[in-house]
Amino acid sequence: MARPKIALIGAGQIGGTLAHLAAIKELGDVVLFDISEGTPEGKALDIAESGPSEGFDAKMSGTQSYEDIAGADVCIVTAGVPRKPGMSRDDLLGINLKVMKSVGEGIRDHAPNAFVICITNPLDAMVWALREFSGLPHEKVCGMAGVLDSARFRHFLAEEFQVSMRDVTAFVLGGHGDTMVPLTRYSTVAGIPLPDLVKMGWTTQEKLDAIVQRTRDGGAEIVGLLKTGSAFYAPATSAIEMAEAFLKDQKRVLPCAAYVDGALGLKGMYVGVPTVIGAGGVEKVIDIKMTKDEQAMFDNSVSAVQGLVDACKGIDSSLA
Ligand code: APR
C-alpha cells in the first residue's frame with residue numbers, strides 16, 4: 001500500500017520542522033510547498049539526506065506548484081508571516097488573509113479530500129477563512145492551537161509539581177490569543193484536579209494563577225526571546241499529533257480550533273474546543289458544561305474571535 005501523502009503549505013520554520021517530524025515518524029511522503037523558490041526544495045533534500053542515519057524511506061520533495069499536492073491526505077498550512085516582538089497575532093490579519101485565499105483555492109483545486117490543519121495566525125479567524133476559501137467540509141478543516149496551549153500549560157505545571165509531563169493533563173479552551181481559557185478544574189496531575197492540589201498544599205492559588213497567565217503569554221514569551229520570529233518546535237509537534245490522530249484513526253481527544261454549530265451554545269463558528277480526531281477528521285465536538293466564571297471567560301474569547309472574523313469580512317467582501 002502506498003504511503004499517505006502529506007502536503008505542507010509553507011516551508012518556513014514550522015513547515016521545515018513539520019517535514020522533519022513527519023519523516024522521522026514515517027507518517028507518509030512529504031511535499032513541501034512554498035512561494036519562496038529553493039526553500040522547500042532545499043529543506044526537502046536536507047531532510048531526505050537524514051534518512052540513512054535516521055532510517056526512514058519516506059519521500060521528501062519541494063515545489064512551487066499546487067499541482068504537486070494533488071491527492072494529499074493531509075495538508076498542514078503555515079504559509080504567511082509570523083509575528084515580531086511587540087506584535088500581537090491579530091496584527092497579522094490583513095497579510096495572512098490574502099495568503100489563506102491562495103492556499104484555500106490551491107487546496108480546493110488539488111487536494112479536496114485532505115484533512116486540513118491550519119497553523120497560520122491569527123489562528124481562529126484564519127482557519128475560518130481557509131475553510132471558506134477552500135469550500136471543504138467543516139469537519140475536514142481545523143486549526144492547531146489547543147494542543148500547543150495545553151502542552152505549554154502541562155510543561156509549566158510539570159515543572160511546578162516536579163512530576164513527569166506525561167502525568168499532567170491540561171485543558172485550554174477558546175481562541176488562540178490573549179483571551180484563551182486555561183481550565184484549571186479540568187486540568188490534572190494523574191487525574192487529581194488542580195484546585196484539589198491547591199487544597200492539598202502542592203501549590204498555591206497565586207502560583208497557579210501565574211502559570212495560567214504564563215500559558216496565555218506563552219507565544220509572546222518565545223517571540224520576545226527569539227526576536228526574529230515565533231515558536232516552531234512545539235507548534236510543529238502539536239500539529240503532527242493531530243495529523244497522526246487522523247492518519248491512524250486514533251480517536252484522540254484533543255483541543256483544536258473546530259467548527260462548532262450547536263455545542264457550547266455556539267452557532268456556526270471556529271474556536272478552540274475539545275474534539276475527537278479520527279479518520280473522519282474532527283469527528284466530534286465535546287459539549288462540556290462550564291461554571292459561570294468559565295463561561296464568562298469563554299464568551300469573552302468567542303467575541304474576540306468573532307471580531308477578527310468580522311474584520312476579515314470587512315477586508316475581503318467575498319467572505320461577507
Ligand atoms: N503561499 C505559500 N507560502 C507562503 C505564502 C503563500 N502565499 N506566503 C508566505 N509563504 C511562506 C513564506 O515564504 C515562508 O517560507 O510561508 C513561510 C512562513 O514561514 P516563517 O516565516 O518561517 O513562519 P513560521 O514560523 O513557520 O510561522 C508560520 O504559523 O504560528 C504561525 O504566526 C505564525 O502565521 C505564522 C505561521
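In whole angstrom, and with the biggest value first, how far do the Cα coordinates of the stretch 5-144 range along each principal axis?
42, 36, 24
For the pair Q64/R185, report the inter-label distance in nm, with labels modelled 7 Å from Cα in the Cβ direction.
If labels sit at Q64 and R185, their model points lie 5.4 nm apart.
Taking Cα pairs under 8 Å and at least six residues apart, what relative contact order does the chain come out at, in percent? Intermediate values should be presented prior to the final figure.
Values: 653 pairs, mean separation 54.5, N = 320.
Result for the chain is 17 percent.
Looking at the chain as a GNM with Cα springs under 10 Å, which of H176, H110, H20 has the largest mean-square fluctuation?
H110
Relative to the longest principal axis of the C-alpha atoms of the chain, give the angle of the C-alpha long axis of helix 123-134, reported between 0 and 90° and rounded to the nearest 10°.
Roughly 40 degrees between the two axes.
What longest region of the chain stays clear of GluC sites (Glu not before Pro) that DSSP places outside H, G, I, E and B and that have at most 15 other Cβ atoms within 10 Å? Mind showing how you got there, number by number?
Values: sites that count: E26, E37, E49.
Answer from the scan: 50-320.
Please give the length that would be gained between K207 and D109 if that part of the chain were fully extended, namely 0.36 nm times their separation in residues minus their C-alpha to C-alpha distance (nm, one decimal).
Answer, rounded to one decimal: 30.3 nm.
Using θ = phi - 60° and the Karplus relation 6.51 cos²θ - 1.76 cosθ + 1.60, list the HN-Hα couplings for the stretch 55-67 in order, rounded to whole Hz, with x at every Gly or Pro.
x, 10, 10, 4, 7, 10, 9, x, 7, 10, 10, 4, 4
Any idea what angle helix 13-24 forms with the longest principal axis of the chain, computed on alpha-carbon atoms, 0 to 90 degrees, nearest 10?
Around 80 degrees separate the two axes.
Report ³J(HN,Hα) in whole Hz for each residue of the stretch 39-54, in order, from the Karplus equation J = 6.51 cos²θ - 1.76 cosθ + 1.60 where θ = phi - 60°; Gly and Pro get x.
Per-residue couplings from phi come out as 5, x, 5, x, 5, 4, 5, 4, 5, 4, 6, 8, x, x, 6, 7 Hz.
Mind jotting down a quarter of the surface of the convex hull over the alpha carbons of the stretch 240-320, in square nanometres, one decimal?
Mean projected area of the Cα convex hull: 6.3 nm².
Amide H to amide H under 5 Å from N121: which residues, 5+ apart in sequence or cross-chain, H placed 1.01 Å off N in plane?
none
Using modelled amide H (1.01 Å from N, peptide plane; none on Pro or chain starts), what sits under 5 Å from the amide H of A7, excluding residues fewer than 5 places away?
V31, D73, V74, C75, I76
If you average the C-alpha positions of the stretch 93-119 and of the stretch 33-71 separately, how far apart do those two centres end up, in angstrom?
The stretch 93-119 and the stretch 33-71 have Cα centres spaced 19 Å from each other.
Would you list L136, L123, L264 from fewest to most Cβ contacts within 10 Å? Before the final figure, lay out the partial values.
Details: L136 22, L123 28, L264 18.
If I rank by nearby Cβ atoms, fewest first, I get L264, L136, L123.
Between the stretch 123-187 and the stretch 224-245, how many Å separate their Cα centres?
Between the Cα centres of the stretch 123-187 and the stretch 224-245 lies a distance of 12 Å.
Can you list the HN-Hα couplings for the stretch 99-110, worked out from phi with the Karplus curve (6.51, -1.76, 1.60; θ = phi - 60°), rounded to whole Hz and with x for Gly and Pro?
5, 4, 5, 5, 5, x, 5, x, 5, 4, 7, 10
Which of these, S61, S50, S150, has the largest mean-square fluctuation under a Gaussian network model of the chain (Cα springs below 10 Å)?
The residue that fluctuates most here is S50.
What are the residues whose amide H is under 5 Å from the amide H of Y270, where those residues sit 5 or more places off or on another chain and H is modelled from the backbone?
The list, which skips near neighbours in sequence, is V260.
Read-outs throughout are calculated quantities, based only on the coordinates presented, and are distinct from any laboratory measurement. No experiment lies behind these values; they were computed from the predicted model shown. As a convention, Cβ positions derive from the backbone with ideal geometry for all residues, glycine included, and neighbour counts pool all protein chains shown.
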